[in-house]
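Just so it is clear, none of the values below were taken in a lab; they were calculated from the coordinates. Just so it is clear, the structure is predicted and the values come from calculations on it, not from any experiment. Using ideal geometry, Cβ is built from the backbone for each residue, glycine included, and neighbour counts are taken over all protein chains shown.
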Amino acid sequence: MSIDLPMSSGKTYRLQPQKIICLGLNYREHIKESVTADSKRFTDEIPAEPILFPKTVNTLIGPGEPIVIPAFLDDLGFRDCRTDYEGELALIIGTGGKHISEAEAYDHILGYTCFNDVSQRNFQKHDTSGWFRGKSLDTFGPVGPTIVTHQDIGDPQNLTMQTRLNGAVVQDANTNLMIFSIRQIVAYISKYFTLTEGDLIVTGTPKGVGPLRQGDLVEVEIENIGILRNPVERS
């Protein structure tokens with residue numbers, strides 16, 4: 001799976017990650033809303049280390065492409081069948097490596113983009129194997145609209161970010177609210193997994209996640225990057 005995205009440098013980059021590694025619960029207010037939504041599985045304790053999970057490459061779609069909520073979900077008997085948006089900052093690895101230090105982390109980043117970590121909550125809540133199925137259905141990883149290089153982004157740890165659903169603001173935060181910083185995230189992940197060029201790291205969502213429905217338009221906007229827009233369909 002590959003997606004061609006324009007870069008702030010004027011080039012076009014073919015995003016073709018071997019790995020998509022995501023963080024869960026990396027914003028304090030999102031932890032609180034997770035506890036409110038599901039107190040059996042979540043606590044308000046701040047994680048001692050980053051919480052990692054994968055998304056598979058079949059999830060990736062570009063700007064303007066539809067997020068498709070599978071019709072078969074209606075046949076599974078869920079009392080409240082729910083698929084959510086999650087607006088997030090993503091980074092693309094430029095120079096791979098293992099055991100990357102926090103001090104060297106920025107040297108390994110090609111650039112940054114917007115990401116929507118679409119999540120099927122019923123699978124995520126009930127699967128004994130964890131979050132894999134609920135995070136990796138086809139089209140559940142919109143990315144774009146552009147890649148802004150590390151040199152052009154400004155301070156990646158101080159970017160305003162919004163998610164809008166049908167024009168209404170539903171998430172409004174700043175990357176300075178992350179529990180684990182971008183430097184810490186890259187160093188931590190590279191301790192366990194060799195990072196390669198093109199790998200995508202998704203840094204977590206702030207509070208305000210909510211359900212998507214057929215006919216919706218969801219937008220993820222991050223300062224200095226732009227707006228990732230995707231319609232929602234059911235099929």
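Quick notes on this structure:
- Straight-line cross-link reach from Lys11 at under 15 Å between alpha-carbon atoms covers these aspartates and glutamates, not counting any fewer than eight positions away in the same chain: Asp152.
- Angle of helix 28-37 to the longest C-alpha principal axis of the chain, folded into 0 to 90 degrees and rounded to 10: 20°.
- Counting 0.36 nm for each residue step from Ala103 to Ser235 and taking away their Cα separation leaves a gain of 42.9 nm.
- In the chain, the longest principal axis of the Cα atoms and the axis of helix 182-192 are about 80 degrees apart.
- Cα centroid separation - region 190-235 against region 88-109, whole Å: 19
- By the rule of a C-alpha distance below 13 Å, with chain neighbours fewer than 8 residues away ignored, the aspartates and glutamates paired with Lys125 are Asp38, Asp80, Asp84.
- Under 15 Å from the Leu76 label point (7 Å along Cα→beta-carbon), backbone N, region 173-212: 212
- Distance-filtered residues of region 200-224 - backbone nitrogen under 19 Å, label point 7 angstrom along Lys11 Cα→Cβ: 200-201
- Comparing Thr128, Thr146, Thr203 in a Gaussian network model of the chain, where Cα atoms under 10 Å apart are tied by springs, the biggest mean-square fluctuation is seen for Thr128.
- Think of it as helices only: each DSSP H run of n ≥ 4 in the chain is worth -39500 (n - 2.57), and spread over all residues that comes to -3500 deg cm²/dmol at 222 nm.
- Gaussian network model of the chain, Cα within-10 Å springs - most flexible of Phe193, Phe140, Phe53: Phe193
- Efficiency of FRET between Ala168 and Thr56 - r from beta-carbon atoms, R0 35 angstrom, step 0.05: 0.70
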